[in-house]
Amino acid sequence: MQVILRVKRQAGPESRPYWQEFSCEAGPDSSVLSLLEEINSSSPLTDAAGAEALPIEFESGCRQMGCGACAMLIDGYPRLACATFLRQLKLKEGVITLAPLSKFPLLRDLHVDRGVLTEDVKRMKLWLNHDAVVDKKELPYAYQSASCLMCGCCAEICPNYQAGTAATGSAFTGAAVMNQAYRAASQYPPGKERRRLLKENVAAGQGHCSRTLSCLRVCPLELPLDYIISRGNHMYLKSLFERDKSHEK
Amino acid sequence: MYDILIVGNGLAGLSAAITCAEAKARVLLVSSNQPERSQSVMAEGGINAALDQKGEDDSPAQHLADTLRAGCDLADAQAVAGLTTAAPEIIRWADRLGTVFSRDEEGRVDQRCFGGQKKKRTAYANAGIGRQLMAALSRQCRKLESEGRIEVREDLRLVSAALGDRGCCGGVFRRVGGGEPEGIAAEGLILCCGGPGGLFGNNTGSLLSDGAAAAALFSQGAAMADLEMIQYHPTTAAGPGKRLLISEAARGEGGRLFTYKEGKPWYFMEEWFPEGGNLMPRDVVSRSIYKVVRELGLGVEGRDEVLLDISFLPKEVLDTRLAEICRNCRTFLGVDPAREPIPVWPGVHYFMGGFYVGADHACSIPRLWAAGECACQYHGANRLGGNSTLGAIYGGRVAAESALGASPLYSAAEKEALLEREARRQSELAAAFSGRLRPPRLRQELQQVMREGMAIFRSEEQLAAALGRLYSLEEEARGLAGGAEAADSLTLTGQMRLARAMLLSALARRESRGAHQRSDFPARDDAGFRCVTVAQYGADGNINVGFRPIGADPCK
């Protein structure tokens, strides 16, 4: 079938955005990413009106839902282009709308800078100052937590998340980062360090979460973010009554 | 001004950076993206180490012997001994950093069977070891970065190295998204830039592993070794525009390969190899599948496919230890492995060859080191599953250790002059393109040529034909586009040069060994070819291919 890819283009952060349409041949099992690749590899590259166009800039890597690079807004929802197939889309009048994730600084076209997620991880010091402790109960969730692609879909859909404002210490850091806080905390023995991480996470993370849980619905890996976050809460409450055992190991 | 500049933030790059930081070196880690995107996150199966905790009397010496045997005696035994001896400590280190390994009943790091090894030696994390290792190592790197012990740039692509008469003094980079080449000075450069999957396309790896950095350094004279050794992973499936890896873990957990013969399932691996069965080394399994389909004509419904059955495994194994495999099959193939077998066929997966390095990971050019998949080390003619993640972490560490403490070769002014000269040269090379031909189209043709020329079985005729087509593509490349696409055009001409070196290396090795199978020279020839194929690009524009003894010093 013939589809129209309607792409939001922008040459740079300061440039004016505009929409450009591309027409391509695709089947129900084509991924959105494969359409973008096909358009970009055509020579000459022309838009639906036949005018010469610049290659569309977007990120992609593994093409199998393993690296998180190709997250974008597809018909308004944050999804990975590699794992979104035409059969899953409404295709109203044969049109697919693509736009960059809106909550991260734009670099060009569909390419955004998701470095703010990493900045939050660094600001909250979500790492170990101690050899990792293995808590068998937490292992399955720690595994899920480390599987996170840091693709940014959860932050994009979240009504409480505004990128860049977290640096002021007043706003919400989002599920991807809370998830990292949980994993680091789960790998500390009960004690001061673990408590610090959890407090950090209450201040920048779960304290601001309004439980819409929209993150759960868009996570490409369907990670149990609600459960991971509630494990974090549970650990925090417990930590208020714990004796410091970090010296005993 | 840095002591050490590291290019690439996969497992090898992160391992090198952490090693440098701990030694208090001034280190800059450069890549074009965040570590979450690197190809290392795609590693599925596991990481090998003789922890000897399964009561099987395992040892690093046996790990060494298995690695050498699977590599068809082409790997440097001394270097591999270093790898297998360090392996148990590397697992403990990764564990301390918080890698979430799968655990046994006693809470110890669990290990499973993998191809080419009789002992349970592969530590794993369900079917996502790469993601778990990378989560732990990148977290450690970010900690060191926030302490000011590592500097990080995630927006630069390597264009070339700055080389003077005494060796390398830094790199020239372009910012992601465009801009002119800019130089960064250092006493040494460690390349951890991954395998050149982009020369083939339709492979299992990431698009980020495009081989551009390796091609650039090859064009500057860095020697490459064993480029003909390309691993076809036996079980890959036809995904959208790529081969989808079905990890060896599927067979490690008991999965069986079969096809239909006279209407009944025929478990050819088990019949042909009663002892190793489905877990023979990858080159053997790939050739067997090829034989079943192409020689016996027993592909499923006449297609290039056999079947991999894991449906009979306990649900719990499918849902945990093979979870990622099942998810990918459902999403990308529309196949539910719990109910039906997975159609598979060998696909380009890993490059055993790469930068010609010694046991200390030093390249043929002074002050240049290489580690991970971009380097030719440890795997010989065929890599064992579970040895790539290990080789990357260990290699990064060894490269960093040998790069540490390098005394200045050039004055600061000399470095600046060399960097400026190189940046200008690269700028001029790119500016020379002014045609209309867009690089992606020509790149697809290059990939087609390479897939056909460097198939599982090769012959003089087939390789020469591929070389002929490549020459005409190189002619066509003169018409590549300039302007916004000039940098990509230049990258593509480098990739073509590296591709030519691969074909020439395959032509020169007139024997069959491991991943390199010549239908016109079907026997292994130890007297003639138990040595390293070395390809080097000369100033005259020709590629010279010769042979060097295993374990020789690339600098001499």
Rounded, prolate or oblate: pick one for region A:2-112, where a ≥ b ≥ c are the square roots of the eigenvalues of its C-alpha gyration tensor, a/c under 1.5 means rounded, and failing that, prolate if a/b is larger than b/c, else oblate.
rounded
P(r) for chain B: what percent of alpha-carbon pairs falls in each 20 Å bin, starting at zero?
23, 57, 20, 1
In degrees rounded to 10, the 0-90 angle between helix B:77-96 Cα long axis and the longest Cα principal axis of chain B is 80 degrees
Taking only the alpha-carbon positions of the protein assembly as shown as identical scatterers, the Debye log10 I(q)/I(0) at q = 0.11 Å⁻¹ comes out as -1.34
How large is ³J(HN,Hα), in whole Hz, for each residue of region B:299-309 in order, when computed from phi with the Karplus curve 6.51 cos²θ - 1.76 cosθ + 1.60 and θ = phi - 60°, using x for Gly and Pro?
x, 5, 6, x, 8, 6, 7, 10, 10, 10, 9
Can you list which of the chymotrypsin sites (Phe, Trp or Tyr not before Pro) found in region B:277-369 are DSSP loop residues with at most 12 other C-beta atoms within 10 Å?
B:PHE312
Would you tally the net charge around B:ALA135, using a Cβ to Cβ cut-off of less than 9 Å, leaving B:ALA135 out, and scoring K and R as +1, D and E as -1?
+2
For B:VAL344, which sequence-distant residues (separation of 5 or more, or a different chain) have an amide H within less than 5 Å of its own amide H, given hydrogens modelled in the peptide plane?
B:VAL306, B:LEU307, B:LEU308
Could you list B:ARG497, A:ARG243 in order of exposure, starting from the residue whose Cβ has the fewest other Cβ atoms within 10 Å?
A:ARG243, B:ARG497
Under a 5 Å amide H to amide H cut-off, with H placed in plane at 1.01 Å, what residues pair with B:PHE351 once short-range neighbours are removed?
B:GLN231
May I ask which of A:LYS199/A:LYS238; A:LYS8/B:LYS242; B:LYS54/B:LYS118 have a Cα-Cα span longer than 18 Å here?
A:LYS8/B:LYS242
Sequence ranges B:469-482, A:16-29, ranked by mean other-Cβ count within 10 angstrom, highest first
B:469-482, A:16-29
If packing is taken as the average number of other Cβ atoms within 10 Å across a peptide's residues, how do A:46-54, A:92-100, B:119-127, B:448-456 rank, most packed first?
B:119-127, B:448-456, A:92-100, A:46-54
What does the structure give for B:34-40 when I average, per residue, the other chain Cβ atoms found within 10 Å of the residue Cβ?
6
Net charge dipole size for the protein assembly as shown [Lys, Arg +1 and Asp, Glu -1 on Cβ; Debye, nearest 20]:
1540 debye
List the lysines whose Cα lies under 27 Å from the Cα of B:LYS24, skipping any in the same chain that are fewer than 8 positions away.
A:LYS122, A:LYS125, B:LYS143, B:LYS415
Cβ-placed point charges (K, R +1; D, E -1), dipole of region A:1-72 about Cα centre in debye, nearest 20
200 debye
What is the distance in Å between the Cα centroid of region A:84-120 and that of region B:252-314?
41 Å
Whole-Hz Karplus ³J(HN,Hα) for region B:35-43, in order, using 6.51 cos²θ - 1.76 cosθ + 1.60 and θ = phi - 60°, x for Gly and Pro?
x, 4, 9, 5, 5, 4, 5, 8, 4
At a Förster radius of 25 Å, what calculated FRET efficiency corresponds to the Cβ-Cβ distance of A:ARG243 and B:GLU22, to the nearest 0.05?
0.15
Projected-area mean, region B:238-346, by convex hull of Cα positions, square nanometres:
6.7 nm²
Amide H contacts of A:VAL95 (H built 1.01 Å from N, under 5 Å, at least 5 apart or other chain):
A:ILE4
Per residue of chain B, what 222 nm ellipticity follows from adding -39500 (n - 2.57) for every DSSP H run with n ≥ 4, rounded to the nearest 500?
-11000 deg cm²/dmol
Rounded to the nearest 20 debye, dipole of chain B from Cβ charges on Lys, Arg, Asp, Glu
460 debye
How large is ³J(HN,Hα), in whole Hz, for each residue of region B:116-131 in order, when computed from phi with the Karplus curve 6.51 cos²θ - 1.76 cosθ + 1.60 and θ = phi - 60°, using x for Gly and Pro?
x, 9, 8, 9, 6, 10, 9, 5, 9, 9, 6, 10, x, 4, x, 4
If I measure Cβ to Cβ between cysteines in chain A, which ones have no partner under 4.7 Å?
A:CYS24, A:CYS70, A:CYS82, A:CYS148, A:CYS151, A:CYS153, A:CYS158, A:CYS209, A:CYS219
Per the C-alpha gyration tensor (a ≥ b ≥ c, the square roots of its eigenvalues), chain A is rounded if a/c is under 1.5, else prolate if a/b beats b/c, else oblate; here it's prolate
Taking every pair of Cα atoms in region B:432-548, average 1/r, invert it to obtain the Kirkwood radius, and report Rg/Rh to two decimals.
1.04
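All of the numbers you see were taken from the coordinates with simple rules; none came from a lab. These numbers come from a predicted model, not from an experiment. Here the Cβ is made from the backbone with ideal geometry for all residues, glycine too, and neighbour counts use every protein chain on show.
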